[in-house]
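Step one of this worksheet: look at the structure below.
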Amino acid sequence: MVVDSFKFLPRSFRPLYEGRGPFPGEEQAVWTPFEKRLAQSRIALLTSAGLYVKGAQPSFDLEREQTHPEWGDPSWRAIPDSASASSLAVAHLHINDEDLVADPEVALPAHLLRKLASEGRIGGAVKEHVSVMGYQERTLSDWQRKTAPELVAHLREQDADGLILAPV
Amino acid sequence: MPVLARWIEAAGIPTVVVTMMPSVAEERLAPRIVGVEFPFGHPFGMPGDRVMQRRTLELALDVLAGAVTAGTRVDLDVEWPVPLREAYRSWQPTVPSPIVRRMLEARQAPQAD
């Protein structure tokens, strides 16, 4: 079975994504082997849903995106793996966030990952997963210069052996 | 997101991207890809459906740990249990995003000679 990548996308958006090839400067394969057994590995999750912890963290900057439609907030939030659905909020202007608010596990299955850890399927889950806003300006320069190195440092600090990224 | 995965992978942390647009992730040379035919906003499945979410997450773990070559793609054989027309409509925001609004306005603007 082959997934239709454009099944849910308005037809006029398809050329914005399809046939563009590699990102400039990213034309070579990259690879880090996964060397441990899953049962001995600590796993981290990353969502692009713009999730943040209500009250404890600032939202992503949606006001600037409203006035600068080609800009997206390049910052990130650390999401505790024990965060409850009701403690999380969504900052994302490109999707209907109703299902995400009701069940954040559709984008960041942190509780499910902990369950798999308790069953011994994986060694463990990191204490703090990662949330970003998927909509970014086209060159991704802030992500490349600042966000990506910060995320790598965070994941190392969390002893992550592997990362599951899920764009929304 | 596939590009962010590449930067993290290049720094020494293995990655897998779970995506509704696996062909785009392939074009961008993401190291490992799990394709899902789900509407946007739901990479792991239906809200409240722990069985579907678990199938997706377990496939992601298996591809993360088991793929042996860069560019490995495995698609999840799960059908979205909502009629297409309804699912297509319901993932979209009630108010168009700023960039979509700008595109719509540009389309409606009279063409200059």
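Out of A:E70, A:E65, one residue alone is at pLDDT below 95, over 18 Å from the mean Cα position of the chain (by Cα) and crowded, with 18+ Cβ neighbours inside 10 Å. It is A:E65.
Assess whether A:A110 counts as being over 27 Å from B:E26 (Cβ atoms), at the interface with chain B (Cβ under 7 Å from one of its Cβ atoms) and of a type in the set (A, V, I, L, M). No, not satisfied.
Where strands (runs of 3 or more DSSP E) fall entirely within the stretch A:15-102, those with at least 1 residues that are touching a Gly at 6+ places or on another chain (Cβ under 9 Å) and either touching a residue at least 60 places away in the same chain (Cβ under 8 Å) or facing another protein chain (nearest Cβ under 10 Å) (or both) are at A:42-47, A:88-90.
A Cβ distance below 9 Å, combined with a sequence gap of six or more or placement on separate chains, defines the contacts here; from the stretch B:18-37, residues that are free of Cβ contacts under 8 Å to residues at least 60 places away in the same chain and of a type in the set (S, T, N, Q) reach residues that are in a helix (DSSP H, G or I) and surrounded by 21 or more Cβ atoms within 10 Å (Cβ to Cβ) in the pairs B:T19/B:P2; B:T19/B:A25. When the stretch A:5-14 is filtered for residues that are outside any loop (DSSP other than H, G, I, E, B) and either in contact with a His (Cβ under 9 Å, 6 or more places away or on another chain) or of a type outside the set (G, A, S) (or both), the ones remaining, listed by number, are A:R11, A:F13, A:R14.
The values are calculated or read from the model by the stated rules, or taken from the named source; none is laboratory data. As the structure is a computational prediction, the values presented were derived from the model and not from experiment. Positions of Cβ are backbone-derived with ideal geometry, glycine not excepted, and every protein chain shown enters the neighbour counts.
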